[in-house]
1. Working only within the stretch 246-258, note down all residues that are within 30 Å of SER357 (Cα to Cα) and without any contact (Cβ under 8 Å) to a residue 40 or more places away in the chain.
2. Restricting to the stretch 223-257, give me the number of residues that are of a type in the set (S, T, N, Q) and either under 25 Å from PRO138 (Cβ atoms) or at pLDDT below 95 (or both).
3. For the stretch 259-282, enumerate the residues that are free of Cβ contacts under 8 Å to residues at least 60 places away in the same chain, under 13 Å from GLY229 (Cβ atoms) and either aromatic (Phe, Trp, Tyr) or out of contact with any helix residue (DSSP H, G or I) (no Cβ under 8 Å at 6 or more places or on another chain) (or both).
4. On the basis of being touching a Leu at 6+ places or on another chain (Cβ under 8 Å) and within 19 Å of HIS300 (Cβ to Cβ), does LYS103 make the cut?
5. Considering the stretch 252-285 alone, what residues qualify as being among the hydrophobic types (A, V, I, L, M, F, W, C), closer than 25 Å to TRP321 by Cβ and crowded, with 24+ Cβ neighbours inside 10 Å?
6. Against the condition loosely packed, with under 14 Cβ neighbours inside 10 Å, at pLDDT 95 or above and either outside any helix (DSSP H, G or I) or touching a Ser or Thr at 6+ places or on another chain (Cβ under 8 Å) (or both), how does TYR43 come out, does it pass?
7. Can you find a residue in the stretch 191-205 that is among the aliphatic types (A, V, I, L, M), in contact with a helix residue (DSSP H, G or I) (Cβ under 7 Å, 6 or more places away or on another chain) and modelled with pLDDT of 95 or more?
8. Pairs only if they're at least six apart or on different chains, beta carbon under 7 angstrom, first in the stretch 316-339 and touching a residue at least 40 places away in the same chain (Cβ under 8 Å) and surrounded by fewer than 20 Cβ atoms within 10 Å (Cβ to Cβ), second part of a loop (DSSP other than H, G, I, E, B) and of a type in the set (A, V, I, L, M, F, W, C); list them, first residue then second.
Amino acid sequence: MYCWINRVVKHNEILISFQDLFSLQMKISIDILKKLETEYSEYLEGDIIDKFFEDFGIKFAAGHWSAGDFMDRFATRGYNSNDPNFRSDIISQLRRIKQAGIKGVEFHDVLFIDSNYRKVQSFIGEVKDELKKLGLVPTNMNINLWTDPKWKMGGITNPSPKVREEAIQIAIQAVEIAKELGCNSVSLWPGSDGWDYNFEVNYGKQLEFFIDGCEKINREAKKSGLIFGIEAKLHEPREGNMVIPTTHHAALVAKTVNERCGGNNMGVCIDYGHEQMYAVEPAATVYALKTFGVPLVNFHINTAKLHSNDEDRIAGTGDIWRMVDFIYSAIDTGYDGWFGEDQFTYRTDPVKAMYLSKEIFANLAKKALLIYARKEELERVRETGDQAEIINFVKKIILRG
């Protein structure tokens, strides 16, 4: 066990204090960090990525949808609909995730309910059996309250009290499904909750509906031993705004719900592409959550252009400085949850796309770890306020192979 002392150990340019190691719950040790300059010194690809993830405690997953067919308003039958061998059922998706070498899987509750919104117990059992067979880990259950036209005016913020109550009951049922399947968290992305036009809704009343609904879901999640998170997004499918347009807004909701419920069971999921939509610094958002005492329940990784829509492209194919900074923030704040692919790679084979995200993410995570290993040196340079020297410090780590 590492002692609680602020002594610095240096090896091959790896510099870190024992105190920092302890703060990471001992997921990173001096010996493991040495491997960055030896065993993992080259570009990571193939089987070594799994060992790298294992050594550094990085948990990597994919949303089941990342392994399916992709549709949009320009290709309403799907981009793979002309391939007679391509199947998009959940079992086929799970097998593609396994083929891509990914360990964890996120789900949507609608996979496990019938047209009357009732659980299909036999199908839950079938998916559990397939997960066991493939050696995949169920990670997070997403509550879908947007696909059905029933939710077109909102789920838990719908103008109709009856529809709001139905949405809450379906969300609570999703908690039950998550527990039965073996997930450790349940998450709500309120895709239909928001507005398209000015004056369409009473913003304060709609927010109260949302907070009240989250409180009810959180209480049930807490009873079931699951953590509950909400995922913010600026807009889309809503054209104006969604009810929680930013992660900072979501954090205030979570903090309010935790105050009402007691404890700290509710948090947020950060989607990297959603942060890009409103051009905030994703890494700064991670630190804000830590400062505000709001749990970070889950990460969705992908790529999107600044001030664009939710493109959900292959992770790490945009600004690598920003992505490395984002991963560094997760390491530095002690995040120990899953990093899950949330991507819609319309014209790319989904297995290849999922693997590419995994490979690129691993290599960017290595860069973040190399910087973290020299954290104390980085902080000393930061204290000078010399921007050029700060860039000089990280440039060779970020830009080398």
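The values are calculated or read from the model by the stated rules, or taken from the named source; none is laboratory data. Quick caveat: nothing in here was measured; it's all calculated off a predicted structure. All Cβ positions, glycine included, derive from the backbone under ideal geometry; neighbour counts span all protein chains shown.
1. Quick first cut of the stretch 246-258, residues within 30 Å of SER357 (Cα to Cα) only: 246-251, 254.
The answer is THR246, HIS249, ALA250.
2. Here is the first cut: in the stretch 223-257, the ones of a type in the set (S, T, N, Q) are 224, 241, 246-247, 256.
Now drop any that are not either under 25 Å from PRO138 (Cβ atoms) or at pLDDT below 95 (or both), which leaves 224, 247.
Summing the residues that are of a type in the set (S, T, N, Q) and either under 25 Å from PRO138 (Cβ atoms) or at pLDDT below 95 (or both) in the stretch 223-257 gives 2.
3. Scanning the stretch 259-282 gives no hits.
4. On the way: touching a Leu at 6+ places or on another chain (Cβ under 8 Å): yes; within 19 Å of HIS300 (Cβ to Cβ): yes.
It is true that LYS103 is touching a Leu at 6+ places or on another chain (Cβ under 8 Å) and within 19 Å of HIS300 (Cβ to Cβ).
5. The initial filter retains those residues of the stretch 252-285 that are among the hydrophobic types (A, V, I, L, M, F, W, C), namely 252-254, 257, 261, 266, 268-270, 277, 279-280, 283-284.
So of that shortlist, the ones also closer than 25 Å to TRP321 by Cβ come out as 268-270, 277, 279-280, 283-284.
Those that are among the hydrophobic types (A, V, I, L, M, F, W, C), closer than 25 Å to TRP321 by Cβ and crowded, with 24+ Cβ neighbours inside 10 Å: VAL268, CYS269, ILE270.
6. Values: loosely packed, with under 14 Cβ neighbours inside 10 Å: yes; at pLDDT 95 or above: yes; either outside any helix (DSSP H, G or I) or touching a Ser or Thr at 6+ places or on another chain (Cβ under 8 Å) (or both): yes.
So TYR43 passes the test.
7. Residues of the stretch 191-205 among the aliphatic types (A, V, I, L, M): 201.
Those left that are additionally in contact with a helix residue (DSSP H, G or I) (Cβ under 7 Å, 6 or more places away or on another chain): none.
No: zero hits.
8. Sorted first by the residue in the stretch 316-339, then by its partner, the pairs are GLY334/LEU24.
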